[in-house]
């Protein structure tokens with residue numbers, strides 16, 4: 001039996017992780033953590049019977065505790081509760097699927113507690129990779145990527161220890177606005193940005209995919225996960241989302257991981273690594289597929305990707321600013337407070353305004369996040 005905790009259990013990755021659990025009798029859920037969706041969390045508690053569950057808001061945690069008082073589960077709240085779920089004593093692997101920099105501290109504490117990390121929380125490595133990667137080495141735990149692209153790279157590198165990587169080919173679908181120019185994006189509505197052509201994801205990450213900021217975050221993650229320089233990470237548009245990413249070695253050979261666009265595969269691979277297990281679902285049919293196509297990303301129209309390379313190259317606290325500015329900008333767009341093209345413009349303004357901190361601590365990262373939020377709010381107020 002393998003024991004896991006899921007941080008962000010009511011989100012897209014969290015719910016799909018629980019689908020994987022249902023399909024595998026030797027996975028046991030010890031802890032669940034969610035933001036505020038206590039209706040779904042209650043259903044998950046009743047089905048998977050964790051020992052511990054966390055709700056971010058204390059008031060909602062108390063309400064949930066009353067609802068599940070017939071069950072042997074402890075209900076906790078806030079950051080202490082989230083850390084409690086991440087460090088639950090019998091848990092072996094923690095799936096970090098929360099959205100935002102809220103994931104940093106629980107990940108740090110889980111590593112220190114000797115837990116393997118199945119990481120789907122981009123912000124942890126984007127903003128604190130310089131802290132996380134040394135901890136992973138110090139405590140001898142596994143850091144297993146759940147994002148389909150990073151999982152693909154991880155799979156392609158399996159058995160290739162000692163071989164020199166020439167480049168990482170990080171694929172992207174291009175999102176719903178692939179091929180459009182900036183002038184065509186002036187009047188994009190929330191509903192337009194949420195229509196991803198291939199993947200079913202949460203609202204924030206779907207918008208990120210449409211702006212290509214999501215790919216920018218993945219570039220920064222890949223730098224840390226695979227210890228590779230930015231100039232050897234190439235983003236390639238692969239509209240069918242069949243090649244999930246690839247690795248080219250110094251002899252020119254390229255190993256790519258392919259499959260249907262289904263997040264359950266990388267989730268299950270992370271939970272059972274290095275073993276592969278049967279997974280139900282659609283299979284790739286090359287005859288129906290017919291062809292694969294590739295395009296170069298348009299860095300002028302989708303300048304969020306270009307800004308990611310710049311922030312990652314500058315390093316220090318700049319990736320934190322990039323990420324935080326995007327978070328608040330996307331939230332404002334989803335609330336219909338700003339226009340679609342304001343998202344990358346606000347990111348650029350925040351990055352240009354910031355004075356870099358070379359090696360920020362966790363507390364400095366969180367302070368810089370708050371400062372970035374304040375800067376963007378002030379910009380919008382002055383308009």
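The values are calculated or read from the model by the stated rules, or taken from the named source; none is laboratory data. Model, not experiment: these values are computed from the prediction. All Cβ positions, glycine included, derive from the backbone under ideal geometry; neighbour counts span all protein chains shown.
Comparison of 63, 57 shows that the only residue that is within 25 Å of residue 363 (Cβ to Cβ), surrounded by fewer than 22 Cβ atoms within 10 Å (Cβ to Cβ) and assigned by TED's automatic domain parsing to the domain that holds residue 101 is 57. Can we say residue 77 is more than 18 Å from the chain's Cα centre (by Cα), in contact (Cβ under 8 Å) with a residue 60 or more places away in the chain, assigned by TED's automatic domain parsing to the domain that holds residue 115 and more than 23 Å from residue 122 (Cβ to Cβ)? Against the criterion (more than 18 Å from the chain's Cα centre (by Cα), in contact (Cβ under 8 Å) with a residue 60 or more places away in the chain, assigned by TED's automatic domain parsing to the domain that holds residue 115 and more than 23 Å from residue 122 (Cβ to Cβ)), residue 77 does not qualify. When we screen 29, 76, 20 for residues that are buried (at least 21 other Cβ atoms within 10 Å of the Cβ), part of a strand (DSSP E or B), on the phi < 0 side of the Ramachandran plot and in contact with a helix residue (DSSP H, G or I) (Cβ under 8 Å, 6 or more places away or on another chain), the only hit is 29.
Residues in segment 38-50 that are more than 22 Å from residue 267 (Cα to Cα) and surrounded by 15 or more Cβ atoms within 10 Å (Cβ to Cβ): 38, 42. Scanning segment 250-269 for residues that are over 30 Å from residue 2 (Cα atoms) and touching a strand residue (DSSP E or B) at 6+ places or on another chain (Cβ under 6 Å) gives 250, 254, 255. Restricting attention to segment 14-25, the residues being closer than 19 Å to residue 277 by Cα, at pLDDT 95 or above and in contact with a strand residue (DSSP E or B) (Cβ under 9 Å, 6 or more places away or on another chain) number 4.
Candidates are the residues of segment 32-59 that are out of contact with any strand residue (DSSP E or B) (no Cβ under 8 Å at 6 or more places or on another chain) and assigned to a helix (DSSP H, G or I); the one that is nearest to residue 3 (Cα to Cα) is 47.
Conditions (1) assigned to a loop (DSSP other than H, G, I, E, B); (2) within 25 Å of residue 224 (Cα to Cα), marked per residue:
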{"site": "323", "(1), (2)": "no, yes"}
{"site": "327", "(1), (2)": "no, yes"}
{"site": "336", "(1), (2)": "yes, no"}
{"site": "339", "(1), (2)": "yes, no"}
{"site": "344", "(1), (2)": "no, yes"}
{"site": "348", "(1), (2)": "no, yes"}
{"site": "360", "(1), (2)": "yes, yes"}
{"site": "363", "(1), (2)": "no, yes"}
{"site": "375", "(1), (2)": "no, no"}
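For residue 180, the requirement of being assigned to a loop (DSSP other than H, G, I, E, B) and out of contact with any helix residue (DSSP H, G or I) (no Cβ under 9 Å at 6 or more places or on another chain) is met. Here residue 88 does not qualify as more than 13 Å from residue 271 (Cα to Cα), outside the structural domain of residue 325 (by TED's automatic domain parsing) and without any contact (Cβ under 8 Å) to a residue 24 or more places away in the chain.
For residue 305, state whether it is touching a helix residue (DSSP H, G or I) at 6+ places or on another chain (Cβ under 6 Å), within 29 Å of residue 262 (Cα to Cα), part of a helix (DSSP H, G or I) and outside the structural domain of residue 235 (by TED's automatic domain parsing). Yes: the conditions hold for residue 305. Only one entry in 270, 256, 282 is closer than 30 Å to residue 28 by Cβ and surrounded by 14 or more Cβ atoms within 10 Å (Cβ to Cβ), namely 270.
Residues in segment 89-101 that are surrounded by 21 or more Cβ atoms within 10 Å (Cβ to Cβ) and touching a strand residue (DSSP E or B) at 6+ places or on another chain (Cβ under 9 Å): 7 in all. Restricted to segment 202-300, the set of strands (runs of 3 or more DSSP E) holding at least 1 residues that are closer than 26 Å to residue 326 by Cα, at pLDDT 95 or above and outside the structural domain of residue 334 (by TED's automatic domain parsing) comprises 233-237, 243-249. Being modelled with pLDDT of 95 or more and part of a helix (DSSP H, G or I), is that true of even one residue in segment 161-175? No, segment 161-175 contains no residue that is modelled with pLDDT of 95 or more and part of a helix (DSSP H, G or I). Only one of the numbered conditions (1) in contact with a strand residue (DSSP E or B) (Cβ under 7 Å, 6 or more places away or on another chain); (2) more than 20 Å from residue 221 (Cβ to Cβ) is violated by residue 305, and that is (2).
Taking the criterion of being part of a helix (DSSP H, G or I), surrounded by 18 or more Cβ atoms within 10 Å (Cβ to Cβ) and over 17 Å from the mean Cα position of the chain (by Cα), the only residue of segment 111-130 that qualifies is 111.
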